[in-house]
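Below you'll find the structure, written out as structure tokens, and then a few comments.
The values are calculated or read from the model by the stated rules, or taken from the named source; none is laboratory data. The model shown is predicted, which means the values in this text are computed figures rather than measured ones. Note that each Cβ is placed from the backbone with ideal geometry, even for glycine, and that neighbours are counted across all protein chains shown.
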Amino acid sequence: MARIAGVNIPTNKRVLIALTYIHGIGRVKAAEICTKLSIPDERRVNQLSDDEVLRIREMIDADYQVEGDLRRSVSMNIKRLMDLGCYRGLRHRRGLPVRGQRTHTNARTRKGPAKPIAGKKKVTK
Amino acid sequence: MARSVWKGPFLDGYLLKKADKSRNSGRNEVIKIWSRRSTILPNFVGLTFGVYNGHKFLPVIVTENMIGHKFGEFSPTRTYYGHGVDKKAKRK
């Protein structure tokens, strides 16, 4: 069992994949870390030596923003936009798409599940 | 895609003149501008701009956080009050 960057305990997967379980580290950054520490692709997490685990941990602490810190900085950025009163902030406040997508239809990811319109008649055959 | 750095920030040149003018005169007056596409520069901080939204000049007090945004972002062009509740449907 390896604890890297706080709570994350990746299992007996390959290091490259296991690292992506950390919020803020995807395939690209995982590959970056592996090459920098010269860990071979096929190495699994339970085959890592304590020293290697330590070096991974130190590298992530030093060079990458992950987990809580990353979440905080993202939400701070959104909060900044909202407090500023700019267009993007308004869209965040209303829970609508921010980057100019259409809202006539779709946009369900931002708007959530469709709400029924009161009094609209159902079409029956 | 982001704008190339070597070009510098985009803005309509006459804004600089307008800003200078109001700064040299007795301050805190609204500078009316139509140029919603211009970038807010550091030397606009503290001034008040009236940014046209196609209808009115909305006052925008420039703060430090706004640097790098465009004027148009602070002057919404659409009004939307939400959908009214259908009265007929309520009665049923």
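The figures follow:
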item	result
Residues satisfying the stated conditions in the stretch A:12-37, i.e. outside any loop (DSSP other than H, G, I, E, B), under 15 Å from residue A:58 (Cα atoms) and either hydrophobic (A, V, I, L, M, F, W, C) or within 20 Å of the chain's Cα centre (by Cα) (or both)	A:19, A:29, A:30, A:32, A:33, A:34
Index of the failed condition, residue A:68 passing every other in (1) free of Cβ contacts under 8 Å to residues at least 60 places away in the same chain; (2) farther than 20 Å from residue A:13 by Cα	(1)
Within the stretch A:37-84, considering residues that are within 14 Å of chain B (Cβ to nearest Cβ) and touching a helix residue (DSSP H, G or I) at 6+ places or on another chain (Cβ under 6 Å), the one nearest to residue A:19 (Cα to Cα)	A:78
Unmet requirement for residue A:40, which otherwise passes all of (1) part of a loop (DSSP other than H, G, I, E, B); (2) in contact with a Leu (Cβ under 6 Å, 6 or more places away or on another chain)	(2)
Filtered residues of the stretch B:28-53 (kept if within 14 Å of chain A (Cβ to nearest Cβ), over 20 Å from residue B:3 (Cβ atoms), at pLDDT 90 or above and assigned to a loop (DSSP other than H, G, I, E, B))	B:53
